[in-house]
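Below: one structure, written as structure tokens.
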Amino acid sequence: MTAYEDTFRVTHIPTGETIDFKGIVKGFQDEISPSWNTEEVYGRMDPIVTYQNTSRRIILNLQFDIIGQASTTKKNKLFKDYNKFYRFIFPTYEKAEYATTLKEAPLLRIRWFNMLQSSGEKGLLVAPASFNITSTDTRTKIKNIYAPDKIDVVLEAIVLHESPPGWQETDTSGEFSFKDESMVFPYLTGKLLK
């Protein structure tokens, strides 16, 4: 995949905080995994399979190009957005008198044009599974702090569909259509194909 810069919107569901930032897309994977229970039976060559579910994970490889920003203000904004994105991976807590208890898990809503978007123009609801960071050895000074020139982030997340995707029988004739056909799951290509 050729790297190019695009706009992302990430919302931290527990706090409602949102960031819009420009990132360079270095890679994108959308992994769909049907899950089956298998049972081996005496005398049968193939196992008996029972469908369980189909899970979906995304892997998004982004680069925050701090040094490539035209002004100190833009460099500062992008580095702040990166730091906030990093903090979005953590949950919220309630403070009791002598202890801290978990309040909400760090669910995210990510929007990247039609590739990461659910119907209704909102981002895709995900549960972050990993957030891996690699930065360059060279640094740039922004006001009174130093930031890496470039920061690569690989976010792996479990997609949480808000309405279950799948085929539904349309009538008694045995015809089927994919649920949410008007938007053409999964990349909302219905807007382009109409």
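The values are calculated or read from the model by the stated rules, or taken from the named source; none is laboratory data. What you are looking at is a predicted structure, and each value in this text was computed from that prediction instead of being measured. A quick note on method: Cβ atoms are made from the backbone with ideal geometry, for glycine too, and the neighbour counts reach across all protein chains shown. Protein only, heavy atoms only, side chains kept; ligands, DNA and RNA dropped before computing areas. Shrake-Rupley method; radii C 1.70, N 1.55, O 1.52, S 1.80 Å.
Looking at Asp152, Asp137 in this structure, which one is closer than 28 Å to Gln69 by Cα, open to solvent by 30 Å² or more (accessible area, probe 1.4 Å) and not in a strand (DSSP E or B)?
Checking each option against the conditions leaves just Asp137.
Within the bounds of the range 178-187, is there any residue that is in a strand (DSSP E or B), among the hydrophobic types (A, V, I, L, M, F, W, C) and either modelled with pLDDT of 85 or more or open to solvent by 60 Å² or more (accessible area, probe 1.4 Å) (or both)?
no
Just one of Leu125, Leu102 is out of contact with any Phe, Trp or Tyr (no Cβ under 9 Å at 6 or more places or on another chain) and of a type in the set (A, V, I, L, M); which is it?
Leu125
Is at least one residue of the range 63-70 in a loop (DSSP other than H, G, I, E, B), loosely packed, with under 12 Cβ neighbours inside 10 Å and more than 17 Å from the chain's Cα centre (by Cα)?
yes
The rows are residues; the columns are (1) assigned to a loop (DSSP other than H, G, I, E, B); (2) free of Cβ contacts under 8 Å to residues at least 12 places away in the same chain; (3) more than 23 Å from Thr18 (Cβ to Cβ).
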| site | (1), (2), (3) |
| --- | --- |
| Val49 | no, no, yes |
| Thr54 | no, no, yes |
| Asn61 | no, no, no |
| Thr73 | no, yes, no |
| Phe79 | no, no, no |
| Phe90 | yes, no, no |
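Note down all Cβ pairs under 6 Å where the first residue falls in the range 18-36 and is within 22 Å of Asn132 (Cβ to Cβ), the second is aliphatic (A, V, I, L, M) and at pLDDT 90 or above, and they're at least six residues apart or on different chains.
Ile19/Val10; Gly23/Leu62; Phe28/Leu60; Gln29/Ile59; Asp30/Ile58
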